[in-house]
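Taken together, the values in this text are just the output of simple stated rules run on the coordinates, not laboratory data. Worth saying up front: this structure is predicted, and the values here are computed from it rather than measured. Here Cβ is always computed from backbone atoms with ideal geometry, including for glycine, and neighbour counts include all displayed protein chains.
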Amino acid sequence: MLKLSAIPAFEDNYIWTLANADGQAIVVDPGDAAPVFAAINDGLRPVAILLTHHHPDHIGGAEGLLRSFDVPCFAPADPRITCATHRVGDSDRFSIPELGLQFATIEVHGHTRSHIAFIGNGMVFCGDTLFSLGCGRMFEGTPGQMLASLDRLKSLPPETQVCCGHEYTLANGVFASVIEPDNVALQDRLRDVRALRDAGQASVPSSIASEIACNPFLRVDMPSVRTAIERHLGEPCADRVQVFTALRLWKDGFRA
């Protein structure tokens, strides 16, 4: 039985680990080495590092860990990630023999031009592309690219656990409630999230099924989302990419 853990880092990052009973574990997006070394002191034994994209809050601790542990580091083909030992891209597969796992990678560009996601063991480690009840900002990609990436993630099996890089769910949920105030599934999700956060627990992982039911960025084809966007714009949208673009811009400037 493998144990999934979200190690808090910085103000709202999560470093994901997936470990067996002996503590052997993959470490995903270690932006800070210190909390990982604290887990190592408690028995964690890294066997591989997985990096979704080049931003410092996701890779900043990787080199320090690799100086202490001679393990593979899987990352996208991006020269800004200098510590990678294995470059992976769309439809690549690799094994973690210590855990008896195989992962597949897909390219999910938009947040950055080289962002990837790792899929395996019923989980997707999606970095900053898909968040619970939200999605990442587009620092390097286009709205069309980001929407296509979200469509790819949306097509995963509904029970897939969504392991994203930040604790943004409550803030995302406030915005989502403006878009779809009558979405019962969304309000149920927010009640659960508030209870988790009040108890000091992470609100993630969520599931693909839950995100499809609640996350407006996966619901741009729903009449309720399109109507909200067109009302906000004061004009009709030509297509789903325009709906998504306007939704993301609205979220960028949103203040609760």
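Checked against the criterion of being more than 18 Å from His109 (Cα to Cα) and among the polar types (S, T, N, Q), region 42-63 has no qualifying residue. For Glu235, the conditions (1) in contact (Cβ under 8 Å) with a residue 60 or more places away in the chain; (2) surrounded by fewer than 17 Cβ atoms within 10 Å (Cβ to Cβ); (3) charged (D, E, K, R) are fulfilled apart from (1).
For region 127-145, taking the residues that are out of contact with any Phe, Trp or Tyr (no Cβ under 7 Å at 6 or more places or on another chain) and not in a loop (DSSP other than H, G, I, E, B), the one that is surrounded by the most Cβ atoms within 10 Å (Cβ to Cβ) is identified as Leu130. The residues listed here are Val162, Val124; of these, the one that is in a strand (DSSP E or B), in contact with a Pro (Cβ under 7 Å, 6 or more places away or on another chain) and surrounded by 20 or more Cβ atoms within 10 Å (Cβ to Cβ) is Val162. Screening the candidates Asp29, Asp42, Asp22 for the property of being under 20 Å from Leu2 (Cα atoms), crowded, with 20+ Cβ neighbours inside 10 Å and acidic (Asp, Glu) yields one hit, Asp29.
Does region 20-43 contain at least one residue that is in contact with a helix residue (DSSP H, G or I) (Cβ under 8 Å, 6 or more places away or on another chain), over 22 Å from Arg152 (Cβ atoms), assigned to a loop (DSSP other than H, G, I, E, B) and among the aliphatic types (A, V, I, L, M)? So far as region 20-43 goes, no, none of its residues is in contact with a helix residue (DSSP H, G or I) (Cβ under 8 Å, 6 or more places away or on another chain), over 22 Å from Arg152 (Cβ atoms), assigned to a loop (DSSP other than H, G, I, E, B) and among the aliphatic types (A, V, I, L, M). Checking each residue in region 73-82 for being in a loop (DSSP other than H, G, I, E, B) and either under 21 Å from the mean Cα position of the chain (by Cα) or crowded, with 16+ Cβ neighbours inside 10 Å (or both) picks out Pro76, Ala77, Asp78, Arg80, Ile81.
As an exercise: evaluate Gly110 against (1) assigned to a loop (DSSP other than H, G, I, E, B); (2) free of Cβ contacts under 8 Å to residues at least 24 places away in the same chain; (3) surrounded by 13 or more Cβ atoms within 10 Å (Cβ to Cβ); (4) not hydrophobic (A, V, I, L, M, F, W, C) and give the number of the one condition it does not meet. Of everything listed in (1) assigned to a loop (DSSP other than H, G, I, E, B); (2) free of Cβ contacts under 8 Å to residues at least 24 places away in the same chain; (3) surrounded by 13 or more Cβ atoms within 10 Å (Cβ to Cβ); (4) not hydrophobic (A, V, I, L, M, F, W, C), Gly110 misses just condition (2).
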